[in-house]
Amino acid sequence: MTASTARPLDRAALAERDASDPLAGVRRRFSLRDGLIYLDGNSLGASQWAVAERVRRVVEEEWTEGLIRSWNTAGWVDLPGQVAGKLATLLGADADEVTVTDSTSANLFKAVVAARRARPDRRVILTDDRNFPSDLYVAGGVAELLADTELRIVSPDEIADHLGPDVAVLTMTHVDFRSGRLADAVGLTRAAHEAGALVVWDLSHSTGAVEVDLHGWDADLAVGCTYKYLNGGPGSPAYLYAARRLHEVLDSPVRGWFGHARPFDFSPDHEPAPDATRFLNGTAPVLSLAALDESLDAWSGVDVATATAKARALGDTFIRLVDERLDGYGVEVASPRDPEQRGAQVLLTHDEAYPIMQALIAEDVIGDVRPPRGLRFGFAPLYVRYVDVWDAVERLRIVLDEARWDRPEHRHRATVI
Ligand SMILES: *Cc1c(COP(=O)(O)O)cnc(C)c1O
């Protein structure tokens, strides 16, 4: 049945879906102003009341009163491991395979170098030309840094054909940052292993949005960010996963005391920690780690499969409403329509994407743009409601219908888009 033969969706039907949504209660943890529709949780997740309170407590009590004692008495020293444990559950991994530190880009650097060195007789790092720019920059930097190493960039559809005996590492992003297209994690990991290569997945747009099962994928290494669907706050530390079976052969190129087996022995010799914490290097960012620790509690008691199914359903609803209500305005759906092929975001295209998004933000619907023509909307399952999707499309319809975007103030280009 196509959208044109089905009865058009109405707002009341969507309000009913919200009323029976098992995740409805989780939304109350988030501090979202009434009337604001936030569809950019794929770029920066929303804040939570409990996170603000936790950060206040860490500063005013643990730091101000406890001072350096708080490393022990407030458990700061255990925070990376504690957060890794919470992330491991969402990743389908064990706690000793996950570590939390640095940015995604820095973790990708460490992971790709370690993987390339674990395959010393192979010279190629393989990636695809749709990959996130930072990932391409990092891979290019690694190829320049390491002797006898070549970066090969091909289209996503050609990856499998290029998995030959010269490939040391395949590195890809699981959910395309523009279109939301899902890579075949299981199939590509298997193909890479059959070719003798290791795989480094970037899960930045995946964790908390689509099902991730690193053990089920037989994954080697993975990295990802925590400030998108995991709501850790701006610049919250990223994670790195390393499969237990590889710990012995993966050596971090950024050695520091917190990656040492016993940092407080102050030994002059480096002895890597036996598990994924060997990828730590310096002192943990306690304020942002505490915020992340608190934010992840939104997921406790949430069935990840229920959340990812809701994210898909929100995206389906959005696409259907765009089809039904935005016909004739020059808007196209540029994401896969099959929800099995898509992350929790939908990309629309329009020639005037930038001013349209600015005008939509002025109507209290926040998404973002990705050049040249993309309007990007993310459907974070913990706090976006079905009626929000309706209201967002309706406000977008008004912006287009009344050409509200065609005003000089909406063409002013900010630094961060
Ligand atoms: C958001 C994102 C990142 C973030 O990288 P940082 O180094 O943490 O800023 C990395 N990779 C992908 C695919 C992303 O979407």
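The values are calculated or read from the model by the stated rules, or taken from the named source; none is laboratory data. Quantities reported herein were computed from a predicted structural model and do not represent experimental measurements. So basically every Cβ, Gly included, is an ideal-geometry build from the backbone, and we count neighbours across all protein chains shown.
Here are the numbers:
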quantity: Criterion (at pLDDT 95 or above, farther than 22 Å from L214 by Cβ and surrounded by fewer than 18 Cβ atoms within 10 Å (Cβ to Cβ)) met by exactly one of S20, S43, S4, S103; calculated: S20
quantity: Whichever residue in segment 171-220 is hydroxyl-bearing (S, T, Y) and under 21 Å from A276 (Cα atoms) and, among such residues, is farthest from the ligand (Cβ to nearest atom); calculated: T189
quantity: Residue check, P133 surrounded by fewer than 17 Cβ atoms within 10 Å (Cβ to Cβ) and within 12 Å of the ligand (Cβ to nearest atom); calculated: yes
quantity: Evaluation of R122 against (1) within 16 Å of the ligand (Cβ to nearest atom); (2) outside any helix (DSSP H, G or I); (3) surrounded by 18 or more Cβ atoms within 10 Å (Cβ to Cβ) (one fails), failing number; calculated: (1)
quantity: V59, sole failed condition from (1) in contact (Cβ under 8 Å) with a residue 40 or more places away in the chain; (2) buried (at least 16 other Cβ atoms within 10 Å of the Cβ); (3) at negative phi; calculated: (2)
quantity: Residue among A284, A222 that is of a type outside the set (V, I, T), touching a helix residue (DSSP H, G or I) at 6+ places or on another chain (Cβ under 8 Å) and buried (at least 24 other Cβ atoms within 10 Å of the Cβ); calculated: A222
quantity: Residue match in segment 66-74 (condition: aromatic (F, W, Y), at pLDDT 95 or above and assigned to a helix (DSSP H, G or I)); calculated: yes
quantity: Output for segment 93-119, where each listed residue is assigned to a helix (DSSP H, G or I), within 16 Å of the ligand (Cβ to nearest atom) and under 19 Å from the mean Cα position of the chain (by Cα); calculated: T104, S105, A106, N107, L108, F109, K110, A111, V112
quantity: Residue identified as of a type outside the set (V, I, T), within 26 Å of the chain's Cα centre (by Cα) and within 16 Å of the ligand (Cβ to nearest atom) among L90, L44, L32, L23; calculated: L44
quantity: Any strands (runs of 3 or more DSSP E) falling wholly within segment 343-386 and containing at least 3 residues that are surrounded by fewer than 23 Cβ atoms within 10 Å (Cβ to Cβ) and at pLDDT below 95; calculated: none
